[in-house]
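In what follows, a structure is listed as structure tokens, so that the remarks can point back to it.
Each value in this text was obtained by applying a stated rule to the coordinates, not by laboratory testing. Predicted model only: the values in this text are computed from it and were never measured. Don't worry about glycine lacking a Cβ; one is built from the backbone with ideal geometry, like all the others, and counts go over all protein chains shown.
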Amino acid sequence: MTDPSPLTPSLLRAMADPAIERKIVDGFQFPLGTYPTEPATPAPAYTVQFEPADGSDPAAFTGANFSEDLEEWPDRYVFDILVSHERLRPLCRALFAFLPGRFFPILDILGHDAFREIDPYIAYELVGCEKFFDALRCFDPFLFEEGLVGFGAMSVDPFFYVFIDEHKVVTLRVTPEMKEKAEKLLAAFDLRPVEELASVDSVSHEHRGILIAPDEHPEMLTPEEIIERFRDNWLLQLNIDPATNLDADGNELGVTAWQCIARCTPADDEKQEAYAEILLSAPNLADAEEIAEDAVTPKNTKTPEWDEVEVIRADRITPDQLKEWLPEAKRSNAVKPGLHDLRWLTGGPTAKKKSE
């Protein structure tokens, strides 16, 4: 795989739409992407409780249901922290300072999968802190304002976990030895412990995307393009069991339809990357990715067309969606496992590299 594009502000940008008005209640500022739709009385504060060592619990930190490679978590204290939005970035910078030089980034996205709400990503390889902080500088509005994304990081040795969810509530997990230090830091932000947070999640609320659209400002990136760069630079993987096919309640679904997006890196340096949409049916993520990769791989050639094929998105879709998106001539085979349709999205397999 070629090295991912460096995340520098001069190359990659995202900007909040200035037309979106921030919701403020009694001086408390909400993020642009999450706001209450009924009367709310938010108050900066935190809760804290003890969690005994009980093995890795991925559902607690990413919303996922699979993470067999992570080590057992030690005894820890969990803090849920609410601050007015103008204090969120300074608080996060102070918390990130506790991370070691290499750690595991986390990203949650309210995605497009028909059978789960959140796409939970995590790195299974240690990532250098400079890549994490570069992304924070490049995509600040996406991470700190967007109502459809949560992000964070964790380390195993020493154990430390911090996550900012889509409501921009901060969850901190620390060992008992760090509890006093964490409480002193929160006190420096004028935060006091309470029994229950009065966050936006406590009342009826809405989530929304807040980025300027690239069709109005071509230099900006779409959320999908930003997520692709996060996947590359943070070495993220979808944190689900690839051998099963479960819905949000843990029910086995069997064979379902999938919409996959594959990124194909050409072996010929004179050609540019190509992207393909593949519609298929498969019993699990592993099989879906295999079918998608096979679909874009030329069969009758001795020279490899692609240096690498990576499925950068794999969303389950409903039978009705599949039939609607398939060409009419192929709809009769929509229920059968296997490949249904392939469409090149940008460039195609023979496109020449764009001029610099």
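Which of rounded, prolate or oblate describes the range 245-346 when judged by the alpha-carbon gyration tensor and an a/c cut-off of 1.5?
It is prolate, given that a/c is not under 1.5 and a/b is the larger ratio.
If you build a Gaussian network model of the chain, linking Cα atoms that sit under 10 Å apart, which residue out of ALA314, ALA243, ALA282 swings the most?
Taking springs between Cα atoms under 10 Å, the residue moving most is ALA243.
Relative contact order for the range 150-243: what percent, with Cα pairs under 8 Å and sequence separation of 6 or more?
Reported as a whole number, the value is 12 percent.
Which of GLU273, GLU125, GLU180 moves most in a GNM of the chain, Cα contacts under 10 Å?
Between GLU273, GLU125, GLU180, it is GLU180 that shows the largest mean-square fluctuation.
In debye to the nearest 20, how big a dipole does the chain give about its Cα centre with +1 on each Lys and Arg Cβ and -1 on each Asp and Glu Cβ?
700 debye
For THR47 paired with MET15, estimate the spin-label separation in nm (one decimal), with each label point 7 Å from Cα along the Cα-to-Cβ line.
4.0 nm
Report the residues of the range 103-132 in range of a label on THR244: point 7 Å along Cα→C-beta, backbone N strictly under 19 Å from it.
In the range 103-132, the label zone of THR244 (backbone N under 19 Å from the point 7 Å along Cα→Cβ) covers 113-122.
When the helices in the chain are scored as -39500 (n - 2.57) per DSSP H run of 4 or longer and the sum is shared across all residues, what 222 nm value do you end up with, to the nearest 500 deg cm²/dmol?
For the chain, the value works out to -5000 deg cm²/dmol.
Averaging sequence separations of C-alpha pairs under 8 Å and six or more residues apart, then dividing by the length of the chain, give the relative contact order as a whole percent.
RCO, the chain: 19 percent.
Among ALA45, ALA187, ALA295, which one shows the biggest mean-square fluctuation in a GNM of the chain, springs joining Cα atoms closer than 10 Å?
With Cα springs under 10 Å in the chain, the top fluctuation among ALA45, ALA187, ALA295 is at ALA187.
Sticking with the crude label model, points 7 Å out along Cα→Cβ, report the distance from GLN29 to GLU117 in nm, one decimal please.
2.7 nm
Tell me the relative contact order for the range 24-207 as a rounded percent, counting alpha carbon contacts under 8 Å between residues six or more apart.
Result for the range 24-207 is 33 percent.
Specify the angular offset, from 0 to 90 degrees and rounded to the nearest 10, of the alpha carbon long axis of helix 129-138 from the longest principal axis of the alpha carbons in the chain.
For helix 129-138, the angle is close to 90 degrees.
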